[in-house]
Amino acid sequence: MRDRRTMPLGWDEAVDLERDPAVVPDPAEVEVPEALRASITAAMQRYPDRHSAVLPALAAAQKVHGWCSPEALRQVAAVMQVTPAYLSSLASYYDMLRTEPIGSRYVYVCTSVACHVRDARAVYEAIAQEARDQELEDVEVRNFECLGACDMAPMASVDGRYVGPLSEDDAHELVAAVKENREVLPGRGLGDEGFRLPWEDKA
Ligand code: FES
């Protein structure tokens with residue numbers, strides 16, 4: 001038996017050599033929601049090689065199913081005409097694609113370098129603690145690599161909406177708003193009307 005402690009994530013299960021090899025699904029045998037099919041097709045049309053559309057296609061399927069479930073992979077595979085195994089190899093590599101049903105909502109707190117030097121770890125821990133205290137359910141709360149919005153560090157992505165700069169003091173309200181389905185920190189989202197970084201006013 002392999003020593004799980006020394007194996008990287010995803011390499012701890014033996015391949016079942018008795019199973020039939022995965023094949024490209026027959027499109028006639030797989031029901032795909034029309035809107036999902038349209039998203040995948042539109043993504044494929046943007047690239048000369050359809051394989052380049054895998055990530056937007058998986059993201060679209062994740063939106064519909066909440067995660068990259070076997071059924072979601074099968075639907076994408078049927079439209080793209082690739083094997084589910086090919087999709088699975090990508091879904092298990094990219095952090096933003098979920099291979100387990102964790103809930104379709106999320107709070108990703110960036111703890112990469114620019115955010116880290118502005119106390120992102122403390123912000124993340126405060127949010128995680130609030131999530132436990134407020135018994136937040138069906139929302140994935142985790143720290144994350146750079147989300148590409150370093151100038152608003154420390155920041156978080158709440159269901160794709162970027163908010164920041166954050167402090168530990170924001171944790172309670174942020175979690176409460178997520179729990180109550182309210183807008184999180186109005187005016188402090190990157191796309192919010194009039195959004196400005198505090199240091200822009202000092203420039
Ligand atoms: S380091 Fe946090 S967004 Fe880039």
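Readers should treat all values here as calculations from the given coordinates under stated rules, not as data from a laboratory. Only a predicted model underlies this, so the values are computations on that prediction, with no experimental measurement involved. Positions of Cβ are generated from backbone atoms using ideal geometry, with glycine treated the same way; all protein chains shown enter the neighbour counts.
Within the range 94-203, list the trypsin sites (Lys or Arg not before Pro) lying in a DSSP loop whose Cβ has at most 14 other Cβ atoms in a 10 Å radius.
Hits after loop and neighbour filter: ARG182, ARG196.
Once amide H atoms are built 1.01 Å from N in the peptide plane, which residues 5 or more positions from ARG105, or in another chain, come under 5 Å H to H?
Result for ARG105 returns GLU140.
If each residue of separation counts as 0.36 nm, what is the full-extension length gain between ASN181 and GLU125 once their alpha-carbon separation is subtracted?
18.0 nm is the gain from fully extending ASN181 to GLU125.
Where in the chain lies the longest segment free of GluC sites (Glu not before Pro) that are both loop residues by DSSP (not H, G, I, E, B) and have at most 16 other Cβ atoms within 10 Å?
With GluC sites (Glu not before Pro) excluded where exposed in loops, the chain gives 32-134 as its longest stretch.
Taking each full run of DSSP H in the chain as one helix, which ones are at least 18 Å long along their axis (Cα atoms) and have mean Kyte-Doolittle hydropathy of at least -0.5?
Counting only whole DSSP H runs, the qualifying helices are 120-133.
Determine, from the Cβ-Cβ distance of ALA114 and GLU29 and an R0 of 35 Å, the FRET efficiency 1/(1 + (r/R0)^6), rounded to the nearest 0.05.
0.15
With a ≥ b ≥ c the root eigenvalues of the C-alpha gyration tensor of the range 27-91, is it rounded (a/c under 1.5), prolate (a/b larger than b/c) or oblate?
rounded
If you place +1 on the Cβ of every Lys and Arg, -1 on the Cβ of every Asp and Glu, and leave all else neutral, what size is the dipole of the range 105-191 about its Cα centre, to the nearest 20 Debye?
Result for the range 105-191 is approximately 260 debye, rounded to the nearest 20.
Run through the range 32-136 and list the chymotrypsin sites (Phe, Trp or Tyr not before Pro) located in a DSSP loop whose Cβ has at most 13 other Cβ atoms within 10 Å.
Sites meeting the loop and neighbour criteria: TYR93.
Taking every DSSP beta bridge that has both residues in the chain, what percent is antiparallel when rounded to the nearest 5?
Taking every DSSP beta bridge within the chain, about 55 percent pair in antiparallel fashion.
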